[in-house]
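What follows is calculated from the coordinates using simple rules that are stated; it is not laboratory data. Everything numeric in this text was worked out from a predicted model, so none of it was measured. Counting neighbours? That spans all protein chains shown, and the Cβs are built from the backbone with ideal geometry, glycine included.
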Amino acid sequence: MSIQKEFVLRYRVDGHVRFQIPAQVCNVDAAKAVTDGISKIDGVYRAKLYRGQQKLSIRFDEAVCDFKSLARQLFQLLADLEKNGDLNPKPVSKSMLWKEKVKSKLDGFKATRWAKEKFGDAKETVQAAKIITKMGMKKPAAFMKDPEKAIIDFLNDILVIFLIRLHWNNITQHWLVRPFAHRYEWMALFYMFFLLVRSRRQK
């Protein structure tokens, strides 16, 4: 039986699918090869393989890559990996095997997955904050003139970036696709930018 036939679709909604996968794909090297290959598919913005649960989760942009196209490219990827022997486990030391087993168990917990996802969001927000800080340092006169306003403007920028990052998947997957259905969300977004621009006006 080819490896593709052992991938069973367990969940599907617009932009998100989950597969039950065979144990053969759940070794460290195979899992990395599969997720790396899936991540290169146009339209895919997140691919996560839970080795302990033998599950594969893929999030993608339906406007760029529909489900049929995704499935076709996924099966072709699996066929290529199987043909090249990339799904076969490589020998590892006992200590490394133990560490990977523990990591796999931890990844299986919902709390761990949630924490990792939120940590990634926070990390990206911090990176953006560093950029804003550097930009602010180039205008020391504004800070010296009114430090309170400069700090408030800085915090407002961070808040806006965080909110956009938090809702980015919804914006690209749903709000842009069905703008009228999400008109209230768009109104809130535009109003937020209006307040941001208004706060920048010189009194």
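Starting from the exponent 0.38 and prefactor 2.2 Å, build the expected Rg for region 3-93 from its residue count and divide its actual Cα Rg by it. Spell out each step's value before the answer.
Working: Rg = 12.5 Å, N = 91, 2.2 N^0.38 = 12.2 Å.
Relative to the rule-of-thumb radius for its length, region 3-93 sits at 1.02.
Please arrange 66, 36, 157 by how many other C-beta atoms lie within 10 Å of their C-beta, fewest to most. The partial results should precede the final answer.
Details: 66 15, 36 11, 157 18.
Sorted ascending by nearby Cβ count, the order is 36, 66, 157.
For residue 76 and residue 165, what does the FRET efficiency come to when R0 = 35 Å and r is the distance between their Cβ atoms, rounded to the nearest 0.05? Don't skip to the answer; put the middle values down first.
Numbers: r = 33 Å, r/R0 = 0.93.
Here the calculated transfer efficiency is 0.60.
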Hey, how many Å between the Cα centroid of region 1-71 and the Cα centroid of region 173-203?
34 Å
